[in-house]
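Scroll down for the structure; my scribbles are underneath it.
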Amino acid sequence: PPPPPPILQAEDGIRDPESCLVGSEMCIRDRFKTRIPYEHIRVITRTDDQYCIEDSVNANLSYTLRWRLCADLDWNLDVERQLVETQVNGRAFVLKVSGQKQLSLSLQSGWESLYYGERRQLAVLTMRDVSGKVVTKVGPA
């Protein structure tokens, strides 16, 4: 299969201004003291100007999924509609998530460091206590 699109790459400080994403991370923690085997599967597809990212964990685990968002934009969280949105070059841009159950979303402050000794603040969309499959759609509204 082809490599993932540049939208999710963070190396060399390169950003895709049309996609508004810096990257993502997933934290998987066992709820129990014993180790539970798990498998994380990420599938990325692109249709026209929209990306669809499917993350699934096939174990009885709870995990946190974070999307680091472009620092130069004002992001608005709509918990009821399960999305964050902003304006890019006068066009509405949306990152919408859905899961097997209602997701607990928050927009937090985080950091990115592209070079040693340098950092800047950015918005981080955080989903906690996620289980099963999460679908993230990214693109113009």
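Potential lengthening of the chain between ASP72 and TRP111 amounts to 12.8 nm, from the contour at 0.36 nm per residue minus the alpha-carbon distance. For the stretch 69-125, what class follows from the C-alpha gyration tensor (a ≥ b ≥ c being the square roots of its eigenvalues): rounded when a/c is under 1.5, otherwise prolate if a/b is larger than b/c, else oblate? Oblate shape, in that a/c is at least 1.5 and b/c is the bigger or equal ratio. Calculated FRET efficiency, GLN102 to ASP48, Cβ-Cβ distance, R0 = 41 Å: about 0.90 to the nearest 0.05.
The numbers here are math on the coordinates, done by the rules we state, and not lab data. The shown structure was predicted, so the numbers you read here are calculated from the model rather than taken from an experiment. Note that each Cβ is placed from the backbone with ideal geometry, even for glycine, and that neighbours are counted across all protein chains shown.
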